[in-house]
Amino acid sequence: MLSLKAVAAPSVWIFFLMQAHRALLCTFTIISTKDIPWHKVESHPNITIPARSEGVCLKQCLESFPECYMVITDRTDEQTFCFLYYARSKPIRHAAQTVSGFNANENIYVLNRTEVVTTCPLADTMLPA
């Protein structure tokens, strides 16, 4: 019985990671710097969340900040930092279209709260806290 548990555990973990990735794609969209909708978002200057992983950042955006629209994550050696962006109440016409200081360790996620995909669970049910 003990050997069966040791063999089954890695396959269960791989299954969980596949499910979490599918859940992420159901709720968040990964975009590049050129696709950032600067006319629709504004940075929240007082909220930078240190987290253990990007999944924790996305879960925080989804569950703890109802006005969160976009997250930029920055991975360092010790932890991940989450920079939250909110949807503007009124989109602006001439927004800056560049990102200064963007590096390869950063990922950009846009949250679509209205998207419901019945074939996969939402990120808040799959990403570990």
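Read the figures in this text as sums done on the coordinates, not as results from a lab. Only a predicted model underlies this, so the values are computations on that prediction, with no experimental measurement involved. No Cβ is skipped: glycine too gets one built from the backbone with ideal geometry, and neighbour counts run over all protein chains shown.
So who's got an amide H within less than 5 Å of the one on residue 53, skipping anything under 5 residues away but keeping other chains? H placed 1.01 Å off N, in plane.
80
When ranked by the protection proxy of mean other Cβ atoms within 10 Å per residue, highest first, what sequence do the peptides 42-52, 66-76 form?
Ranked from most to least packed, the peptides come out as 66-76, 42-52.
If each residue of separation counts as 0.36 nm, what is the full-extension length gain between residue 29 and residue 63 once their alpha-carbon separation is subtracted?
10.6 nm
Amide H to amide H, which residues 5 or more places from residue 41 or on other chains are under 5 Å from it, using H placed in the peptide plane?
Result for residue 41 returns 88.
Length gain on complete extension for the stretch residue 48 to residue 89, per 0.36 nm per residue less the alpha carbon to alpha carbon distance?
Taking residue 48 through residue 89 to full extension adds about 12.7 nm, to one decimal.
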